[in-house]
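Have a look at the structure below before the remarks.
The values are calculated or read from the model by the stated rules, or taken from the named source; none is laboratory data. Fair warning: this is a prediction, and the values are worked out from it, not measured in the lab. When we count neighbours, we look across all protein chains shown, and the Cβ atoms used for this are built from the backbone with ideal geometry, even at glycine. When the accessible area is computed, the model is the full protein with side chains, heavy atoms only, and any ligands, DNA or RNA have been set aside. Shrake-Rupley method; radii C 1.70, N 1.55, O 1.52, S 1.80 Å.
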Amino acid sequence: MPESAYDVVIIGAGPAGLAAARSAAACGATVMLVDDNPQTGGQIWRGEPRLAVPSGASLVCGARVFAAPAPGRLWLETFDRDFELGYRRLILATGARERFLPFPGWTLPNVMGAGGFEALAKSGLPIRGKRVVVAGSGPLLLAVARYLRAHGAELRLIAEQASRAALVRFTLGLSRHPGKLWEAVQLRARLLGTRYLSACWPIAADGGARLESVTLYRAGRTWREPCDYLACGFGLVPNVELPALLGCRLGASGVAVDEYQQTSVAGIYAAGEVTGIGGLDLSLVEGEIAGFAAAGKPDSARPLFSARERHRRFAAALDRAFALREELKNLPQDDTLVCRCEDVAFERIRRRSGWRDAKLQTRCGMGPCQGRVCGAALEFLLGWKPDSVRPPVFPARIASLSGPRCPPR
Amino acid sequence: MAETIQLSVDGVSVTVPRGAMISAAVAAAGVSAFRKSVTGEPRGPLCGMGICFECRVTVNGRAHVRSCQVPCESGMEVQTDA
């Protein structure tokens, strides 16, 4: 056992990780919470967490796990150091990232993710007075638009690829979740005056050294919308790389877990978006369950099962409403780069037989992002499943790879 | 505690609010292309959360720093690769 070992180590200090920390600490476990961002809260609460790190729990921010050399041990790296962590139980709350789809011009500077743009704005990117088109799919677009409006950006329009019929069905279904309905109405109300176009999506981003306009498509018509930024994301995908490295079985929508949020590997739990995209409420309850179970108090988790079931039904409805339409598979043209790290065009990739063949023959997915961007795109475009995961699960410095020796501080 | 931080981006002095990430400082310096791709295309941040590696810059001589995840510090020297 390494020098610094905890009863429960939690990877990811977003809602699920914070909820897990709270319940595990309440059971008396020694808890270490780790996040790769400089602050807790995850992407959704970025910098303004609505759950505190429990007193007594340890926290390391700005650190990411790059290897798991043996059961119970993790190697981590920060901006300027590396260290090892030991755990008896591990909770993976690694969250989700956006799915980006390649279309001509999507690699131009100032074309960003939807959540990505909000994250960068919250990190200090000046957006006041900037013309922004928000596009892609999912409830995230509305939340991003609301943030941008509130902070002085000139929101040009929101382009949602889902059809109006799908959205109406979804909104009606929300009445079974009155709280959510209120949230949705509130969002829409504040956005009054902004165009929210369903069945609409970007087909090209135009510009020289940076974005100047975006070409949108809707119902057989295309037009150019001048803008400074395109904030575009097509839903979320779970960050399953670390769980996969640890040997956790993956299901259709994320890491597979049992009723106590335990993965296929004994002693390793998963909670939140990494088990399947489900939103804030589901993440919180999954985190709480995982925290109790990992701290050896599974009976405290049982009363939470019904709430989790309710939130899962909501997540399933969300998934149906914002399913990506087939036409989006035609977005990339022959010369559109799909792998941004290695600059591999779609034409070269789609002739390959699968993910591994593409990696070997074209270097697609072999760059620093390790396929995190193009992998999710190709999963949708060509139905390719990601390849196996190998350490380091994030690019790490040579010095770190030889094995960290410092305890965390 | 000071409310702003001063650092340099490609040799140009930039002032940002305390807590801002390096990505914000680069943008504040008027730079939208943070780096060049392997075939020489201009690139800027995409994901904002440390996944895509498009925002990487050199900080105090340390290469490949994801500027969206590292807070600015006073006197930092940031070098883009565009």
B:VAL38 - accessible surface, heavy atoms, 1.4 Å probe, Å² rounded to 10: 100
Eligible lysines near A:LYS359 by straight Cα distance, threshold 16 Å, same-chain separation 8 or greater: A:LYS385
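Once the other residues with Cβ under 11 Å from the Cβ of B:VAL38 are scored (Lys, Arg +1; Asp, Glu -1), what is the net sum?
+2
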Taking a probe of 1.4 angstrom, what is the accessible area of B:MET49 in Å², to the nearest 10? 20
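Which percent, nearest 5, of DSSP beta bridges in chain A are antiparallel? Display every interim value, and only then the final one.
On the way: 29 of 62 bridges.
In chain A, DSSP labels about 45 percent of beta bridges as antiparallel.
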Rounded to the nearest 10 Å², the accessible area of A:TRP75 at probe 1.4 Å: 40
At q = 0.15, 0.23, 0.24, 0.25 Å⁻¹, what is the base-10 log of I(q)/I(0) for chain B according to the Debye formula with one equal point scatterer per Cα and no solvent? Please give it to two decimals. -0.45, -1.03, -1.12, -1.21
What is the mean number of Cβ atoms from other protein chains located within 10 Å of the Cβ atom of each residue in peptide A:43-49, rounded to a whole number? 1
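For segment A:253-331, what does the accessible surface come to per residue with a 1.4 Å probe? Please give it in Å².
Working: 3300 Å² over 79 residues.
Per-residue value: 42 Å².
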Just to be sure I understand: with springs between alpha-carbon atoms less than 10 Å apart, which residue in A:ALA231, A:ALA184, A:ALA315 has the highest mean-square fluctuation in the Gaussian network model of chain A? A:ALA184
Going by alpha carbons, how many degrees (0 to 90, nearest 10) lie between the helix axis of A:280-294 and the longest principal axis of chain A? 20
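When the solvent-accessible surface of protein heavy atoms is calculated with a 1.4 angstrom probe, in what order do A:GLU259, A:GLU379 fall, highest first?
Details: A:GLU259 85, A:GLU379 55 Å².
Largest accessible area first, the list is A:GLU259, A:GLU379.
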Only Lys, Arg (+1) and Asp, Glu (-1) charged, at Cβ; the protein assembly as shown dipole about Cα centre in debye: 920
Charge-dipole axis of chain A as Lys and Arg at +1 and Asp and Glu at -1 on Cβ define it, positive-most pick from A:TYR229, A:PRO298, A:VAL65: A:TYR229
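Can you send over the carbon and sulfur percentage of the accessible area for segment A:13-54, probe radius 1.4 Å, protein chains only? Before the final figure, lay out the partial values.
Values: 730 of 1480 Å².
On segment A:13-54, the fraction of accessible area on carbon and sulfur atoms equals 49 percent.
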Which of A:PHE103, A:PHE305, A:PHE117 fluctuates most in a GNM of chain A (C-alpha springs under 10 Å)? That residue is A:PHE305
With everything on Cα atoms, drop me the angle between helix A:164-173 and the longest principal axis of chain A, reported from 0 to 90° to the nearest 10. 40
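Report relative contact order for chain B in percent, whole number only (criteria: Cα-Cα under 8 Å, sequence separation at least 6).
Working: 172 pairs, mean separation 29.0, N = 82.
Relative contact order of chain B: 35 percent.
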Per residue of chain A, what 222 nm ellipticity follows from adding -39500 (n - 2.57) for every DSSP H run with n ≥ 4, rounded to the nearest 500? -8500 deg cm²/dmol
Once you sort the root eigenvalues of the Cα gyration tensor of the protein assembly as shown as a ≥ b ≥ c, which label holds: rounded (a/c under 1.5), prolate (a/b larger than b/c) or oblate (the other case)? rounded
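Nearest 100 Å² is fine: how much accessible area is buried between B and A, summed over both sides, with a 1.4 Å probe?
On the way: alone 4910 and 18440 Å², together 20310 Å².
The summed interface area works out to 3000 Å².
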